[in-house]
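Data first, discussion second: the structure below is written as structure tokens.
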Amino acid sequence: MSLTFHWFLPTNGDSRHVVGGGHGTPATASGRDRPPTVAYLSQIARAAEDLGFAGALTPTGAWCEDAWLTTAMVSRHTERLKFLVAFRPGFVSPTLAAQMASTFQRQSGGRLLLNVVTGGESHEQRAYGDFLDKDARYRRTGEFLHIVRQLWDGKSVDLHGEHLRVEEARLARLPDPVPEVYFGGSSPAAGQIAARYADVYLTWGEPPAQVAGKIAWVRKLAAEHGRTLRFGIRLHVITRDTSAQAWAEADRLLDGFDPETVRAVQTGLARSESEGQQRMLALHGGSRESLEIHPNLWAGIGLVRGGAGTALVGSHDEVAERIKEYHALGIDEFVLSGYPHLEEAYWFGEGVLPRLQAQGLWAHPDSRAAASAAVPFAG
């Protein structure tokens with residue numbers, strides 16, 4: 001299977017420094033360096049499209065702009081790029097969400113992918129009026145996805161669940177194609193939801209041995225339901241012509257981490273209810289030392305950012321080799337990002353993707369192979 005690469009739309013702001021935030025922590029001041037305007041996000045999206053990325057992940061939470069509205073606007077400035085929209089099922093009715101997805105598909109030409117985020121932090125959920133505990137949120141997510149998938153199949157749905165209730169729910173117009181569902185999580189409850197409802201299981205960038213364990217776990221759960229899933233990984237990237245140049249950039253980013261900001265972010269993330277977040281924290285332990293936790297896998301991003309906290313760092317050849325290492329485990333989709341997102345898209349797209357293409361592991365989604373490239377650094 002050919003590898004698939006997605007980029008990231010930084011709707012919390014962008015910078016030549018790491019923009020922290022996520023999992024209940026606010027975006028750091030660096031997010032104001034390049035505000036997440038539609039114009040700037042569209043510039044990133046066009047670059048990603050031209051370079052050969054299949055889609056772009058847009059996050060969700062109080063720390064960033066709304067993903068649905070932002071991607072709907074950015075989609076008007078692109079032609080092929082898909083949008084992996086992160087959303088929380090507890091904040092909108094399943095019937096309305098199914099209808100929104102159907103509308104998005106028609107108006108965008110079938111370019112919606114859905115990243116279902118159950119919500120790992122109770123205090124952030126409560127700010128939106130959601131007072132369920134974590135386990136109850138996962139049970140609600142299961143009911144939500146059951147309803148949505150039935151509606152997308154054209155069925156009339158009646159469900160009196162533990163958390164959700166609908167009667168004679170039906171869509172007047174079905175989505176074409178049906179959006180693929182991406183889902184991540186490290187808890188037992190998350191594994192069950194992924195096994196039953198996800199098309200792609202996403203993991204954050206842990207060392208290969210840990211990723212292999214998660215793949216085996218979810219694959220077994222899915223088989224028990226008679227299903228097979230694809231697997232993806234979420235990583236940052238710092239790739240340069242030489243390894244020394246890449247690590248110099250990682251060191252520059254690390255030098256920009258204010259010690260007080262690191263302490264504040266780590267204190268906030270330590271309260272996280274997310275098992276995935278706790279696994280991220282364990283990779284660096286809050287220390288600036290020994291951050292290369294596997295060859296070319298750097299845990300420094302997680303010192304100031306919640307969620308995905310690791311980066312592939314190295315020469316274009318080294319990063320390509322690490323991608324092949326994850327691919328050998330069963331990873332077919334890579335959701336990537338880098339600071340700043342416009343420039344790093346070019347570093348990866350012009351440095352790593354051609355190497356993977358030459359080895360027959362990747363092909364540009366557009367047969368025209370980007371006849372006209374987006375212009376970097378445009379004002």
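The values are calculated or read from the model by the stated rules, or taken from the named source; none is laboratory data. As the structure is a computational prediction, the values presented were derived from the model and not from experiment. Note that we place each Cβ from the backbone using ideal geometry, even for glycine, and neighbour counts take in every protein chain shown. Ligands, DNA and RNA are excluded from the accessible area calculation, which covers all protein heavy atoms including side chains. Shrake-Rupley method; radii C 1.70, N 1.55, O 1.52, S 1.80 Å.
So here's what we get for this one:
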{"read-out": "Any hit, segment 313-323, residues being assigned to a loop (DSSP other than H, G, I, E, B), among the small types (Gly, Ala, Ser) and at pLDDT 95 or above", "value": "no"}
{"read-out": "Of all residues in segment 112-122 being in contact with a Phe, Trp or Tyr (Cβ under 8 Å, 6 or more places away or on another chain) and assigned to a loop (DSSP other than H, G, I, E, B), the one that is surrounded by the fewest Cβ atoms within 10 Å (Cβ to Cβ)", "value": "VAL117"}
{"read-out": "Matching option when the condition is open to solvent by 10 Å² or more (accessible area, probe 1.4 Å), within 28 Å of ALA54 (Cα to Cα) and part of a helix (DSSP H, G or I), among ALA195, ALA209", "value": "ALA209"}
{"read-out": "Restricting segment 60-79 to residues that are crowded, with 20+ Cβ neighbours inside 10 Å and at pLDDT below 95, the residue that is farthest from PRO10 (Cα to Cα)", "value": "GLY61"}
{"read-out": "Residue within segment 22-30 that is in a strand (DSSP E or B) and modelled with pLDDT under 95 present", "value": "yes"}
{"read-out": "Those residues of segment 330-362 which are part of a loop (DSSP other than H, G, I, E, B) and open to solvent by less than 60 Å² (accessible area, probe 1.4 Å), in sequence order", "value": "GLY330, ILE331, ASP332, GLY338, TYR339, PRO340, VAL352, LEU361, TRP362"}
{"read-out": "Given (1) out of contact with any strand residue (DSSP E or B) (no Cβ under 9 Å at 6 or more places or on another chain); (2) on the phi < 0 side of the Ramachandran plot; (3) open to solvent by 10 Å² or more (accessible area, probe 1.4 Å), number of the condition SER290 does not satisfy", "value": "(2)"}
{"read-out": "Residue ID - nearest to LEU81 (Cα to Cα), chosen from residues in segment 161-177 that are in a loop (DSSP other than H, G, I, E, B), in contact (Cβ under 8 Å) with a residue 40 or more places away in the chain and of a type in the set (A, V, I, L, M, F, W, C)", "value": "LEU174"}
{"read-out": "Residue among ALA270, ALA212 that alone is more than 18 Å from the chain's Cα centre (by Cα) and at pLDDT 95 or above", "value": "ALA212"}
{"read-out": "For ASP158: the one exception among (1) part of a helix (DSSP H, G or I); (2) surrounded by fewer than 17 Cβ atoms within 10 Å (Cβ to Cβ)", "value": "(1)"}
{"read-out": "Checklist (1) surrounded by fewer than 21 Cβ atoms within 10 Å (Cβ to Cβ); (2) among the β-branched types (Val, Ile, Thr); (3) within 30 Å of HIS364 (Cα to Cα) applied to VAL85, failing item", "value": "(1)"}
{"read-out": "Any hit, segment 114-124, residues being polar (S, T, N, Q), within 16 Å of THR58 (Cα to Cα) and at pLDDT 90 or above", "value": "yes"}
{"read-out": "Cβ-Cβ under 8 Å pairs, at least 6 apart or on other chains, segment 123-135 side part of a helix (DSSP H, G or I), far side open to solvent by 30 Å² or more (accessible area, probe 1.4 Å) and among the acidic types (Asp, Glu)", "value": "LYS134/GLU273"}
{"read-out": "Unmet requirement for ALA48, which otherwise passes all of (1) closer than 26 Å to ASP251 by Cα; (2) without any contact (Cβ under 8 Å) to a residue 40 or more places away in the chain", "value": "(2)"}
